[in-house]
Amino acid sequence: MGSISVLFLLSMFLLAFDVKAQLQRNHSSNVIPLGSWLSPIANRNSWLSPSGLFAFGFYPQGRKGFAIGIWLHTQPKNTIVWTANPGNPPLSPNATLNLTSDGMLLLRTEQGEENFIANFLDEDDPEPADSASMHDSGNFVLYDNSSKVIWQSFSDPTDTILGGQNLSSDYQLMSRSNHSSRRFRLWMDTRGNLVSYPVNSTDGPENAYWSVYTFVGPSVSLSLNQRGLLRLMDYSSTLIILANKSCPGKKEARIVYRAILDSDGIFKLYSHHFWGNSYTSSNVSLEWSALHDQCVVKGFCGLNSYCIGTGYKAECRCYPGFHFMDPKNKLLGCFNDFSEDGCSKGPVIPYDITAIPNISWGDFPYSVVSTKQENCYKSCLGDCNCGAAFYLFKNGTCNKYKLPLRYGRINNIPVIAFFKVIQRNGLSSANRPPNPVILMDSKKKIILILSLTLGSVALLWSVIAISCFFIYRHQVHRYRKLSPENVNVEFAENFTLRSFSYNELDQNATNGFKEKLGGGSFGSVYKGYVSEANKTIAVKRLEKFVEEGGREFRAEMTAIGRTHHRNLVQLLGFCIEGSRKLLVYEYICNGSLADLLFNAKKRPLWKERVRIALEVARGVFYLHQECEIHIIHCNLKPQNILMDDTWTAKISDFGLARLSVPNQIRIAMGIEGISEYSAPEWQKNALISVEADIYSFGLMLLEIVCCRRSIEVNVLTADEILLSNWVYNCLVAGQLDKLVEDENVDIRTLERMVKVGLWCIQEDPTLRPPMKNVILMLEGTMNVAVPPSPAISHS
C-alpha cells in the first residue's frame, strides 16, 4: 500500500514538472529578452505575437521611409493599429530599435540620435525593463524582473482601440491619413463626455461635431471588449452602449474588433474575421459608425473650402476666387490669389461679388445687420474687411465675415452666400454688373427659368402691391403732420419699437386699464387695442424693477425688440413717462401653458405635449445663444409660456430680467418671485447663469410629461408630493407608465423626456446640460444617460 502511494506521488510530480516545463517553453517562445533588436532592412524587422496575428516593429511609411508601430496581418495589406510618435517624420532604412541590456526600448536613427519609445522612460527614475512581449490582443508590453507590467501600448493609444482596451478620462484618439497628418481628435474628457473635435481647435460646442454626454465625471472610460461591445463605462457598470456587434462567424474563425477615429474624422467599429490553420484568410467589415455623412464633420474640408455630397463620398470644393492648396489632396483647403487683409495700403483692387445659394460655414460674423439682400452684397463689396457674407432669409440679416472661412458645407438652410473676387478683365467698379452672378447646378437653373416665367405672370400683382405700399406711406406721413406727438404714431420699420404715450395706452388702448389679463412678479397685464394698426395688444404695467433713466430704458427696449423667434412673444412697443413705464406685447389668445396642463378638463394629447416641450426648449436656446443679446429669463414657469391661436408655445417676460441690475435680480423679483421653479442657487445667493433657466425648464418638462404641478398635496402617497422624486422613483423601478395613466404614448420618447428633465434639475449646476444638448436629446439625436437622483430643495 505504501509503495503504491509513493508511485502515485512520483507520477504526479513528474506530470506537474512536465506541465511547468511546457508552460515555460510556451512563455519563452513569446518573450523578447534584453539585447534584442530590429532593423527595417534586416531579416528581423518585427516581433510577432504567438498566433502571428499582430506584429511590433518597422513598417513602410511613405515612399522610402519607415515608422515603428503595431499592425494586424490582413489582406491585401497590413492594418496599422498603433504608431510610436506618429507626428515624427519617416525613419531611414538604417534606423534600429533596441531593447538594450539596461532595460530601455531605444530607437537609434541614421543621424545618431537616440529616442525612447515607451513614455514611462520619461520619468525621473524609471524602472528598467527585464523583458518584452507582443500579445495576441495587439498589446505590446514591457515587464520588470518580477513580471510586473511597467508599460504597455494599450495605455498610450494613437488612433485605434482594440478588444480589451480602454480610452480613459483625459485621453484622446488622433486620426491619421497618410500616417502623419492628424486632423481630428476624439477626447474622453474629465466630465465623462466623449467628444470629437478638429485638431487645433478649442474645446467647445462651436467646434464639436459628434458627442456622447454622461456628465458623470473622470471615472468614465470608453471600453471595447473582445466580443465587439463598444460602450461608456463607469468603473464596472455600463452607462451607454454605442455598439454591440458580436457575431458568431465560422466555428474556426478568429474575430478581432478595432474601433478607430478614421481619417475622415468619423469614429467607426470594424471587425476582422480570420480563418484557416495560420489565419491566412481574412475579411473586414464596418460594423458601426458614429456618423454617416462626412460633411457633418467640422474640418473635413480645409480652410476656404466647402463640403458637398452625402454619405462617405463627399468632396471638397473651393469658394469662388480660391484655388486648392494641393490639387492632389483637396482636403487641405484653398487659398486666394490676393491679400486676405483687404485694408492694407497699396493699389486699389477692383472686386466683383459671386454668390452661391444654400451654403454656410462656422465661426462668428464680425457684423450682423438687418437689411435687404441687395444691400448685403453691396455692403461686403464696400467693406475692406469683408471677405464673404451670407444673407439669411429667415430673419433678413446680413452676416459679414473675415477670411479665412472654415467648416463650410452645402445644406438646406435658406441662405445665399456672397464672395468677394477680383474683377475679370480689370473692369472698374462703375462697370460692375448690378447683381451678383449666381453659381447654380442644372436643376436650379431649371427652377430659375420656371420662376422667371411665373414671375412675369405675377408682375401685375407686384405693381399693385408696390402702389399700395406707397399709398400707405403717404397716409402715414399725413397723419404724422396732424399729430402733436408724431414720434408715437407708427410702428417703425426695421425692428424699431413704437414709443407710446401714457395717454394712448391709458385712455385709448386699454380704456383706463379696464380688462386685466393677469399679473406677475413685475406687474399686471391688461388687454388693449390699437385702432390705427387694427391690432389687439397686451400692455404690461411695470411696478417692481430697478429704476433706470429714460435713455437707458429706451436702449434696453430697443435691444430686446430685436429678438424675433416663433417661440417668443413679440415686443411691439413701450412707454416711458417719468416713473411710469409700460411694455406693449402682441396679444396671445389661448392663455398659458399652466391653464392647458393644470386647468383643462382633458389632458393635451401626448404628441402635442412633446411638441410644446421642444418649442419651449428652442425658445430658451434662442435667448441663451442665438439672439443678438444673450438673455437669462430668470422666471421660466408654465404661467409665462403662452399659447397662440395655432397653439404654438411662446415664452413671455423674457426681457424683464435685463431691466434689473444683475446683482439685484432677487430684490427686483420680490419674495413671490422665488418659487418652486427657481434653481437652488437663488436661495444660496450664488451667481445666476443660464443653468438657472435650465433648472426651471427641467421642472416644466416633468410637468408637461405628467400634466401636474411639481408640488401636489392631494396625492395617493407621500412619495408623489414632489414630482421630481416620484418621477425618479418610477424611472428606477421601470414603471414610467404610472406617469401618463392610460395614454397612448411612445415609451422611448417618454423615457427620453424624463431623463432629460431629471438631468436639468440636478442641484449641481455643472451637471445640467446646455440647452443645445437638451434639444438634441429631446429630438433623439443625442443619447441620454441615466441621471443620478436629483437633490432638490424647494422654497
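The values are calculated or read from the model by the stated rules, or taken from the named source; none is laboratory data. Please read all numbers here as calculations on a predicted model, not as lab measurements. Here the Cβ positions follow ideal geometry from the backbone for every residue, glycine too, while neighbour counts run over all protein chains shown.
Computed values, structure above
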| read-out | value |
| --- | --- |
| Count - residues of the range 57-88 that are touching a residue at least 24 places away in the same chain (Cβ under 8 Å) and farther than 13 Å from residue 107 by Cβ | 15 |
| Selection within the range 402-421 - in a strand (DSSP E or B) and surrounded by fewer than 24 Cβ atoms within 10 Å (Cβ to Cβ) | 410, 415, 416, 421 |
| Top-ranked residue in the range 525-553 [being modelled with pLDDT under 80 and surrounded by 15 or more Cβ atoms within 10 Å (Cβ to Cβ); ranked as farthest from residue 511 (Cα to Cα)] | 548 |
| Condition met for residue 208 (in a loop (DSSP other than H, G, I, E, B) and not polar (S, T, N, Q)) | yes |
| Condition met for residue 168 (surrounded by fewer than 20 Cβ atoms within 10 Å (Cβ to Cβ) and within 29 Å of the chain's Cα centre (by Cα)) | yes |
| Hey, residue 144 at negative phi, touching an Asp or Glu at 6+ places or on another chain (Cβ under 7 Å), of a type outside the set (Lys, Arg) and not assigned by TED's automatic domain parsing to the domain that holds residue 264 or not | yes |
| Subset of the range 248-262 that is modelled with pLDDT under 95 and of a type in the set (Val, Ile, Thr) - its residue that is surrounded by the most Cβ atoms within 10 Å (Cβ to Cβ) | 256 |
| Strands (runs of 3 or more DSSP E) enclosed by the range 267-317 - at least 1 residues per element that are more than 22 Å from residue 256 (Cβ to Cβ) and within 24 Å of the chain's Cα centre (by Cα) | 305-308 |
| So residue 137, is it in contact with a Phe, Trp or Tyr (Cβ under 9 Å, 6 or more places away or on another chain) and either surrounded by fewer than 18 Cβ atoms within 10 Å (Cβ to Cβ) or assigned to a loop (DSSP other than H, G, I, E, B) (or both) | yes |
| Checking residue 636 against (1) surrounded by fewer than 17 Cβ atoms within 10 Å (Cβ to Cβ); (2) outside any helix (DSSP H, G or I), the condition it does not meet | (1) |
| Residue selected from the range 288-316 under the condition surrounded by fewer than 19 Cβ atoms within 10 Å (Cβ to Cβ) and among the charged types (D, E, K, R), by the criterion nearest to residue 417 (Cα to Cα) | 315 |
| Residue list for the range 721-740, restricted to those being part of a loop (DSSP other than H, G, I, E, B) and surrounded by 12 or more Cβ atoms within 10 Å (Cβ to Cβ) | 721 |
| Members of the range 140-165 found to be closer than 22 Å to residue 256 by Cβ, among the β-branched types (Val, Ile, Thr) and surrounded by fewer than 22 Cβ atoms within 10 Å (Cβ to Cβ), listed by number | 141, 149 |
| Residues that are in a strand (DSSP E or B), closer than 29 Å to residue 203 by Cβ and in contact (Cβ under 8 Å) with a residue 40 or more places away in the chain, drawn from the range 363-396 | 368, 388 |
| Conditions (1) more than 21 Å from the chain's Cα centre (by Cα); (2) at pLDDT below 90; number of the one not met by residue 765 | (1) |
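Here is a yes/no grid of residues against (1) part of a loop (DSSP other than H, G, I, E, B); (2) touching a residue at least 24 places away in the same chain (Cβ under 8 Å); (3) not hydrophobic (A, V, I, L, M, F, W, C):
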site: 697; (1), (2), (3): no, yes, no
site: 719; (1), (2), (3): no, no, yes
site: 742; (1), (2), (3): yes, no, yes
site: 745; (1), (2), (3): yes, yes, no
site: 752; (1), (2), (3): no, yes, yes
site: 756; (1), (2), (3): no, yes, no
site: 763; (1), (2), (3): yes, yes, yes
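So that you can scan it fast, the table gives a plain yes or no per residue for (1) crowded, with 20+ Cβ neighbours inside 10 Å; (2) within 29 Å of the chain's Cα centre (by Cα):
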residue: 582; (1), (2): yes, no
residue: 599; (1), (2): no, no
residue: 607; (1), (2): no, yes
residue: 614; (1), (2): no, yes
residue: 628; (1), (2): no, yes
residue: 641; (1), (2): yes, yes
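Per-residue answers, yes or no, for (1) buried (at least 21 other Cβ atoms within 10 Å of the Cβ); (2) touching a helix residue (DSSP H, G or I) at 6+ places or on another chain (Cβ under 9 Å); (3) modelled with pLDDT under 85; (4) more than 26 Å from residue 755 (Cα to Cα):
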position: 190; (1), (2), (3), (4): no, no, no, no
position: 196; (1), (2), (3), (4): yes, no, no, no
position: 227; (1), (2), (3), (4): no, no, no, yes
position: 234; (1), (2), (3), (4): no, no, no, no
position: 243; (1), (2), (3), (4): no, no, no, no
position: 246; (1), (2), (3), (4): no, no, yes, yes
